[in-house]
Amino acid sequence: MTALLLAVSFGLIVLGALLFTNAVEWLGQKLDLGQGAVGSLLAAVGTALPESTIPVVAVLAGAKGEDVAIGAIIGAPFMLATVAMMLVAGSALVFRGRREGGQEIDVDREHVRRDLAFFAPSFATGLVLGQFDSKPLHFAGAAVLLVVYGAYIWRTLRAGSSTEEEEEEPKPLFFDTSKRDPPNGLQTGTQLIVALAMIILGAELFVEELTKVAEAVGVASLVLALIIAPLATELPEKLNSVIWMRQDKDRLAVGNITGAMAFQGTVPVALGLTITEWQLDRYATAAGVLALAGAGLALWRLERRHMGAPAVVAWAALFLALIALVALG
């Protein structure tokens with residue numbers, strides 16, 4: 001039964017991601033946003049909803065939920081900066097025969113710099129604050145991080161509206177029955193809401209069933225919090241980006257991940273600083289440091305618009321480093 005529910009949850013996430021990418025492209029066009037802004041804000045925040053609910057649910061469950069909450073908050077950026085970037089680079093290699101630029105990645109360097117420049121200092125601040133047992137300091141840090149994300153939204157919208165990009169019209173909206181003219185706002189909004197509901201439901205079901213599997217085989221709760229839960233809830237970002245890489249929409253694919261990193265490095269961390277004790281152990285700290293290393297590698301390779309197999313291996317090594325650290329304990 002668990003295997004069947006896992007398959008169902010994965011199917012919901014995949015189908016939800018397909019509907020979401022299609023709807024968010026139309027929404028971005030209606031709002032006159034560039035592809036970078038669509039990926040960094042609309043797609044990134046929307047698909048971040050599943051993992052953003054886990055810390056709240058975990059804390060409401062009681063004191064034992066603190067580790068799960070902190071693990072989910074730290075684990076999400078770790079997954080984005082390692083596994084998600086590895087899949088983007090891998091997609092460029094796998095689909096190079098059908099892509100116009102082959103394995104080269106067409107990104108807006110300014111967007112990438114902005115996203116990662118907001119993520120790295122913010123997330124690093126959260127890691128540093130996790131070494132101090134001071135709620136006043138934590139509350140102050142949370143306020144600063146929320147202000148930082150507000151500034152990020154302003155900068156992204158400003159850059160998106162001022163950047164001229166030649167963009168092709170998105171594929172017909174799935175919920176548009178006519179297909180002869182652009183979809184209206186109701187059709188776009190309905191598809192977006194249905195897609196998000198499928199993504200959230202699928203991700204929550206996936207985590208629930210994986211939890212049962214982890215308990216059955218005796219996997220430590222720390223592994224579940226830092227690795228398994230974020231791996232499941234970050235599937236939307238990964239799937240959306242693979243879909244967009246296959247369609248030669250590199251700016252959406254990359255912006256979806258780097259924008260999610262900017263969000264995950266600020267808002268959820270601010271939440272953790274506020275509702276948990278935010279005491280980071282060596283595993284959580286190591287995951288955070290590895291996430292920063294993955295972000296640094298992303299900035300380096302995306303600046304050159306070239307990934308290649310070595311970059312794929314490097315991101316895989318960062319992910320496996322945490323697995324090894326937890327296993328060796």
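The values are calculated or read from the model by the stated rules, or taken from the named source; none is laboratory data. Because the structure is predicted, anything quoted here is derived from the model rather than measured. Neighbour counts run over all protein chains shown; Cβ positions are idealised from the backbone, glycine included. All accessible areas refer to the heavy atoms of the entire protein, side chains included, with ligands and DNA or RNA removed. Shrake-Rupley method; radii C 1.70, N 1.55, O 1.52, S 1.80 Å.
For this structure, a couple of remarks:
- Looking across the stretch 71-104 at every residue that is among the aliphatic types (A, V, I, L, M) and more than 19 Å from the chain's Cα centre (by Cα), the one that is most open to solvent (accessible area, probe 1.4 Å) is identified as V94.
- Complete set of residues in the stretch 122-146 that are of a type outside the set (A, V, I, L, M, F, W, C) and either free of Cβ contacts under 8 Å to residues at least 40 places away in the same chain or open to solvent by 20 Å² or more (accessible area, probe 1.4 Å) (or both): T125, Q131, D133, S134, K135, P136
- Taking every residue in the stretch 93-121 that is under 15 Å from K249 (Cβ atoms) and pairing it with any residue that is β-branched (V, I, T) and open to solvent by 40 Å² or more (accessible area, probe 1.4 Å), at least 6 positions away or on another chain, the pairs with Cβ-Cβ distances below 8 Å are D108/T163.
- Residues (touching a residue at least 40 places away in the same chain (Cβ under 8 Å) and closer than 17 Å to I70 by Cα) located in the stretch 205-228: V207, A220, S221, L222, V223, L224, A225, L226, I227
- Cross-chain or 6+ apart pairs with Cβ under 9 Å, the stretch 1-14 first and more than 15 Å from E234 (Cβ to Cβ) and part of a helix (DSSP H, G or I), then open to solvent by 50 Å² or more (accessible area, probe 1.4 Å) and among the acidic types (D, E): L5/E208
- Top-ranked residue of the stretch 191-210 - restricted to ones that are β-branched (V, I, T) and in contact with a Phe, Trp or Tyr (Cβ under 8 Å, 6 or more places away or on another chain), ranked as nearest to A225 (Cα to Cα): I199
- Test: residue in the stretch 43-66 that is out of contact with any Pro (no Cβ under 8 Å at 6 or more places or on another chain), buried (at least 24 other Cβ atoms within 10 Å of the Cβ) and modelled with pLDDT of 75 or more: no
Condition check ((1) at pLDDT 90 or above; (2) aliphatic (A, V, I, L, M)) across all residues:
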| position | (1), (2) |
| --- | --- |
| Q264 | yes, no |
| Q279 | yes, no |
| A287 | yes, yes |
| L292 | yes, yes |
| A295 | yes, yes |
| E303 | no, no |
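- Residues located in the stretch 147-164, provided they are open to solvent by 100 Å² or more (accessible area, probe 1.4 Å) and at pLDDT 95 or above: V147
Residue-by-condition table, conditions (1) buried (at least 18 other Cβ atoms within 10 Å of the Cβ); (2) under 20 Å from the mean Cα position of the chain (by Cα); (3) more than 17 Å from T125 (Cα to Cα); (4) among the charged types (D, E, K, R):
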site	(1), (2), (3), (4)
Q279	no, no, no, no
G288	yes, yes, no, no
A295	yes, yes, no, no
R301	yes, yes, yes, yes
A311	yes, yes, yes, no
A317	no, yes, yes, no
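- Tally of residues being outside any helix (DSSP H, G or I) and hydrophobic (A, V, I, L, M, F, W, C) across the stretch 76-111: 3
- Verdict on L273 being open to solvent by 10 Å² or more (accessible area, probe 1.4 Å) and not basic (K, R): no
- Among residues of the stretch 305-328 that are free of Cβ contacts under 8 Å to residues at least 40 places away in the same chain, those with a beta-carbon under 7 Å from a residue that is open to solvent by less than 40 Å² (accessible area, probe 1.4 Å) and not β-branched (V, I, T) at least six positions away or on a different chain give the pairs A314/L297; A321/L290.
- Pairing each residue of the stretch 238-256 that is without any contact (Cβ under 8 Å) to a residue 12 or more places away in the chain with any residue that is buried (at least 23 other Cβ atoms within 10 Å of the Cβ), provided the two are 6+ apart or on different chains, yields C-beta distances under 9 Å for Q247/T21; Q247/A253.
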